[in-house]
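Shown next, in structure tokens, is the structure this report addresses.
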Amino acid sequence: MTFLAEIKDAVTTRAALLVVGVLALQLAFITSYIGAFHQPKPSEIPIAVAAPVARLTEQSVSRLGSLPGDPLDPRAVRDEAAAVEQIENREVDGALIIDPAGNTDRLLVAGGAGASLSQALGEIVGAVERAQGRTVTVTDVAPAGRGDARGLSSFYLVVGWCVGGYLCAAILAISAGARPANSARAVIRLAALLAYAVVAGLLGTVIAGPVLGALPGSIWGLWGLGALIVFAVGAITLAFQGLAGVVGIGLAILLVVVLGNPSAGGAYPYPLLPPFWRAIGPALPPGAGTYAARSIAYFKGNGAGGPMLVLAGWAVLGAAVTLACAVVHRGRAGAAVGSGLPGDPIDDPLDDDRPTGAADGAADGAAAR
């Protein structure tokens, strides 16, 4: 054989297309991460403002709300207690407490929501105070744990859970075919994924909490969150595999890793991300999981309800699509056996776990023709 013929024989058209797809995924990864992180800019950070006199509160709200570029979204509250309550409920990310009797005001922040966010608030409010001839002291009312460097442990825990979810689903595909042969096998895969998710959620929580002392908060809450994240991501991966075969693994990585991780609010919480990543982050599993994990660890679970519903929605959607694809694929395989035609446009063992009898029936039908 000539060298060109050897290349054509060694690298199929399908393999070449998959390599091109991997290249596109790699470039998307680079673009997404650098695009999200290369130039963080504060935008409409919610902050409460309290002063003993209503007129001073209104003046401060107006001053903070008119800053160039709208870095803050100030709102008036009646007193410091109300401001702390809103921080603990995750309604605001900080609060400015004005003292008209002196020249020093206080800025309340929540380090558990992300160190970079607290730092940005301190810099912005500090500059405004200095321009007014005043100073500001910073008090962290919801600090990150001593073992949680810059409040990133929750993000890394969620990333680990996400990785486990799509890798578990990918292994199921590699071992038995990306598309389940029937609804029963789809249910078995989902059940296996659920069992894995429960174990992974518990072990991840134990490692992050009691073992390493990185995350405080309810072990039960974090365990439930971890199981939900792993199952949701795994179910999404199974759904993509049902729709696109082994290519579905790449689609899952695109959704969860390429788009989800940079927009999760880990290194830079949502108010510091560019508009595109800030918009999609709360709707994707890594972002919903990170926000919920921080809420459980540092805010007594306040604010975790919405993200948990997002994760539950992904889990239900992934499971439903997986089952639907199995039913459709089973119908196609049965029709192919009856007609003597291949049940799949591309005869790839990684794409199909049809029973041997179905494949033999298709072969017998083709031979009869």
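The values are calculated or read from the model by the stated rules, or taken from the named source; none is laboratory data. Computed from a predicted model, the values in this text were never measured in an experiment. We place every Cβ from the backbone using ideal geometry, glycine too, and count neighbours over all the protein chains shown.
Evaluation of residue 122 against the conditions (1) within 30 Å of the chain's Cα centre (by Cα); (2) touching a residue at least 40 places away in the same chain (Cβ under 8 Å); (3) assigned to a helix (DSSP H, G or I) shows that the sole unmet condition is (2).
So that you can scan it fast, the table gives a plain yes or no per residue for (1) under 23 Å from residue 293 (Cα atoms); (2) of a type in the set (A, V, I, L, M); (3) in the same structural domain as residue 271 (by TED's automatic domain parsing):
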| site | (1), (2), (3) |
| --- | --- |
| 62 | no, no, no |
| 77 | no, yes, no |
| 82 | no, yes, no |
| 87 | yes, yes, no |
| 91 | yes, no, no |
| 98 | no, yes, no |
| 126 | no, no, no |
| 133 | no, no, no |
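So for segment 92-104 (the condition being assigned to a helix (DSSP H, G or I), of a type outside the set (A, V, I, L, M) and crowded, with 20+ Cβ neighbours inside 10 Å), does at least one residue qualify? For segment 92-104, residues assigned to a helix (DSSP H, G or I), of a type outside the set (A, V, I, L, M) and crowded, with 20+ Cβ neighbours inside 10 Å: absent. Restricting attention to segment 139-152, the residues being within 18 Å of residue 288 (Cβ to Cβ) and touching a helix residue (DSSP H, G or I) at 6+ places or on another chain (Cβ under 6 Å) number 1.
For residue 81, indicate whether it is more than 21 Å from residue 133 (Cα to Cα), touching a helix residue (DSSP H, G or I) at 6+ places or on another chain (Cβ under 7 Å) and surrounded by fewer than 21 Cβ atoms within 10 Å (Cβ to Cβ). Considered against the rule, which asks whether it is more than 21 Å from residue 133 (Cα to Cα), touching a helix residue (DSSP H, G or I) at 6+ places or on another chain (Cβ under 7 Å) and surrounded by fewer than 21 Cβ atoms within 10 Å (Cβ to Cβ), residue 81 comes out as no.
Kindly establish whether residue 136 is assigned to a helix (DSSP H, G or I), in contact (Cβ under 8 Å) with a residue 24 or more places away in the chain and surrounded by fewer than 24 Cβ atoms within 10 Å (Cβ to Cβ). No, not satisfied. The conditions of being in contact (Cβ under 8 Å) with a residue 24 or more places away in the chain and not in a loop (DSSP other than H, G, I, E, B) are met by residue 47.
Identify, please: which residue in segment 182-215 is not in a helix (DSSP H, G or I) and not aliphatic (A, V, I, L, M) and is, among those, nearest to residue 329 (Cα to Cα)?
Out of the qualifying residues, it is 182.
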